[in-house]
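Working notes, beginning with the structure itself.
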Amino acid sequence: MFSRRYFTRLILGVVFASSFVLLVESLKSVHAQDYPTRPITLLVGFSAGGPTDSAARAVAEQMGKELGQPVIISNKPGVGGLIAAKEMMASKPDGYTLFLASNSFFSHGPARYESVSYDYDRDFTPVGGVSGYPHILIVASNSKFNTAQELFTYAKANPGKLNAASVGFGNEIALAWMNGLGQMDLAQIPYKGAAAVINDLSAGRLDLALVAPSVAYPLVDSGRAKALATTRKTPITDQRKLVSINEAGLKGFDFYVWNGIVAPANTPKPILEKLGTALQKALKQPSLERQFETAFLNVEPMTDQQLTEAFRTELATSKKVLKDANIPLLKQQ
């Protein structure tokens, strides 16, 4: 039988443990009320100057005004955003280190690999969406194709005769999806960046490419390329009345690049709420909207729950596209 002393110690232990938990939660609450008291770092997994970096800088400026502390951009390019993500994962869950994550990182990468070293639910907590943009289907200015329909018809009748630039997993998945829907065999030529794509397209070594509007439109305006279609299924801002690839005959095709801010797992809810509120207010500022328009970006004010659902939906779509195309998965990232 258990002694009275045992039960007394047991009860005191439970009381102490409960009191300790309450104290910790109380300290977290006090910390959250004061937050932020110093600058916040927003990690970006790409180099300065690109669409993701442009979005990060615009939203960081406005969020800093809302929060009363500067939000500082830290570019950590490499491995599709993994370097930036790992730095955030190793940081304290105190709201002072955030990560601007793209659907390429959370949806395309995990679909392309057999396994990855990070887990969305285990390692991250969503704050909200930021920006998005479609890719533009372009061909050289002297190309014989003047419409997307012409290109798709030729590609279907001449399998393997046209080659397309493939920059990253997003391009690879989008082109595989196009091949499947159009019964085509566009040969994918891998590239590390847009500069080489532009050179080879202009020189006639490439037949087509899917590139960001910030890359496509200057080429079109300078007479170096023709824009045939947008990858986005639904109408969005400033697409120069381009047809969508869906409208051009590849029914169901809908490819879009977007991003959102995430925090480390276990970040206190009051801090997440402050960040989410500041982000939503920032995205409504006219000055930010003008900055986005200049960079050919669209505002994507997704809530934390909407961001999570979007990542999961696109992950499922990407996995299906790769499976249908019989593309073998890569080893662990």
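Selection over the stretch 31-49 of residues that are of a type outside the set (S, T, N, Q), within 28 Å of residue 192 (Cβ to Cβ) and free of Cβ contacts under 8 Å to residues at least 40 places away in the same chain gives a count of 3. Considering (1) touching a residue at least 24 places away in the same chain (Cβ under 8 Å); (2) part of a helix (DSSP H, G or I); (3) under 30 Å from residue 288 (Cα atoms), the lone condition that residue 172 does not fulfil carries the number (3). Number of residues in the stretch 197-225 that are touching a strand residue (DSSP E or B) at 6+ places or on another chain (Cβ under 7 Å) and within 13 Å of residue 136 (Cβ to Cβ): the value is 12.
Residue-wise test of (1) assigned to a helix (DSSP H, G or I); (2) modelled with pLDDT of 95 or more; (3) within 13 Å of the chain's Cα centre (by Cα); (4) assigned by TED's automatic domain parsing to the domain that holds residue 317.
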position: 94; (1), (2), (3), (4): no, yes, no, yes
position: 98; (1), (2), (3), (4): no, yes, no, yes
position: 108; (1), (2), (3), (4): yes, yes, yes, yes
position: 122; (1), (2), (3), (4): yes, yes, no, yes
position: 126; (1), (2), (3), (4): no, yes, yes, yes
position: 129; (1), (2), (3), (4): no, yes, yes, yes
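For the stretch 251-284, a tally of residues being more than 28 Å from residue 61 (Cβ to Cβ) and surrounded by 23 or more Cβ atoms within 10 Å (Cβ to Cβ) returns 1. In the stretch 188-210, the qualifying residues are those that are of a type in the set (A, V, I, L, M), assigned to a helix (DSSP H, G or I) and free of Cβ contacts under 8 Å to residues at least 60 places away in the same chain, and the one that is surrounded by the fewest Cβ atoms within 10 Å (Cβ to Cβ) is 195.
Restricting attention to the stretch 60-82, and to residues there that are within 15 Å of the chain's Cα centre (by Cα) and aliphatic (A, V, I, L, M), which single residue is surrounded by the most Cβ atoms within 10 Å (Cβ to Cβ)? Going through the qualifying residues, I end up with 82.
The values are calculated or read from the model by the stated rules, or taken from the named source; none is laboratory data. Predicted, not measured: the structure shown is a model, and the values here were computed from it. Here Cβ is always computed from backbone atoms with ideal geometry, including for glycine, and neighbour counts include all displayed protein chains.
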